[in-house]
Each structure stands twice: as C-alpha cells, then as structure tokens.
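The values are calculated or read from the model by the stated rules, or taken from the named source; none is laboratory data. What you are looking at is a predicted structure, and each value in this text was computed from that prediction instead of being measured. Cβ coordinates were reconstructed from backbone atoms using ideal geometry, including for glycine residues, and neighbour counts include every protein chain displayed.
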Amino acid sequence: MRPVILLAALAIAGCTRPVEPAASGLARELAGHVAGAPQSCVSIAPNQNLRVIDAGTIVYGYGRTIYVNRLAGPCPGLEPLSTLIIQAEGGRYCRGDRVQGREPGAVVAGPTCNLQDWTPYRMP
C-alpha cells in the first residue's frame with residue numbers, strides 16, 4: 001500500500017510550479033521601464049493597484065508608470081497575498097505613512113512600518 005501512496009505524492013508534487021523569487025517578479029514587471037528621481041508622495045488613483053512584492057517592497061500602478069517603495073527593512077506580515085492597510089491622508093501615499101499587512105485568514109494585522117520614497121519607473 002505504501003508504494004501507491006508514494007507514487008500519488010510524487011505525481012501531485014510534479015504538478016506544482018517551482019517557487020519564483022519575488023525579485024524576479026519585480027524585474028519582469030519593470031522590464032522596459034526606466035527609473036526616475038524618487039519622490040515623497042504619489043497620488044491615489046481609483047484604477048491603480050497597490051500590491052506587495054515581498055516583506056520590504058510595495059508597488060503601485062500599472063502600465064506606463066509603476067512606483068516602487070522599498071521599505072527601510074522587512075515588515076513582518078507583508079506578503080504577496082496580504083491585505084494592505086495604509087494610513088494615508090490627503091489622497092496620496094507619502095513617505096512616513098504607516099502600512100500594515102494582514103495575512104489571509106488573520107484577524108489582527110501585523111506590525112506597523114513606514115513607507116519610504118517612491119521611485120517611479122516609466123516606459124521611455
């Protein structure tokens with residue numbers, strides 16, 4: 001009976017995709033874009049998406065301009081599938097605004113971390 005279970009486990013494992021490092025996803029997303037001068041704030045637009053790349057990187061926007069915020073260090077609770085909670089005022093995400101991640105299924109959000117400058121990456 002054990003060989004059957006082992007074969008089933010190997011068959012299932014063969015169907016999974018290898019884990020891709022977050023940095024390669026960011027590199028693919030920024031392909032063809034050119035970095036601009038960092039800025040302290042970005043305007044919040046209704047059609048843009050704020051998302052977590054890894055515990056130390058948040059990205060905002062799609063298409064021609066993508067803004068990258070590299071936090072001062074890893075922020076526990078920030079993962080690609082986390083719900084982002086940002087305490088922002090005035091219709092902008094700014095340096096110093098507090099961000100927290102709430103992992104899927106969690107009731108309590110993780111620790112608070114501060115946003116840093118946003119680096120715009122634009123298509124030439």
**Q.** In segment 66-93, residue farthest from Thr119 (Cα to Cα) [restricted to those that are in contact with a Phe, Trp or Tyr (Cβ under 7 Å, 6 or more places away or on another chain) and not aromatic (Phe, Trp, Tyr)]
**A.** Ile86
Q.
Against the conditions (1) touching a strand residue (DSSP E or B) at 6+ places or on another chain (Cβ under 7 Å); (2) surrounded by 15 or more Cβ atoms within 10 Å (Cβ to Cβ); (3) not charged (D, E, K, R), where does Ala55 fall short? Just the number, please.
A. (1)
Q: Tell me which residues, restricted to segment 30-63, are over 13 Å from the mean Cα position of the chain (by Cα), more than 18 Å from Met123 (Cα to Cα) and among the small types (Gly, Ala, Ser).
A: Ser40, Ser43, Ala45
Q. Restricted to segment 60-101, and to residues that are among the polar types (S, T, N, Q) and not in a loop (DSSP other than H, G, I, E, B), which residue is surrounded by the fewest Cβ atoms within 10 Å (Cβ to Cβ)?
A. Gln87
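Take the residues of segment 102-113 that are surrounded by 14 or more Cβ atoms within 10 Å (Cβ to Cβ) and touching a strand residue (DSSP E or B) at 6+ places or on another chain (Cβ under 6 Å): which is modelled with the highest pLDDT?
Among those that are surrounded by 14 or more Cβ atoms within 10 Å (Cβ to Cβ) and touching a strand residue (DSSP E or B) at 6+ places or on another chain (Cβ under 6 Å), it is Cys113.
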Q. Which of the residues that make up segment 64-101 are more than 13 Å from the chain's Cα centre (by Cα) and of a type in the set (Lys, Arg)?
A. Arg64, Arg92, Arg95, Arg98
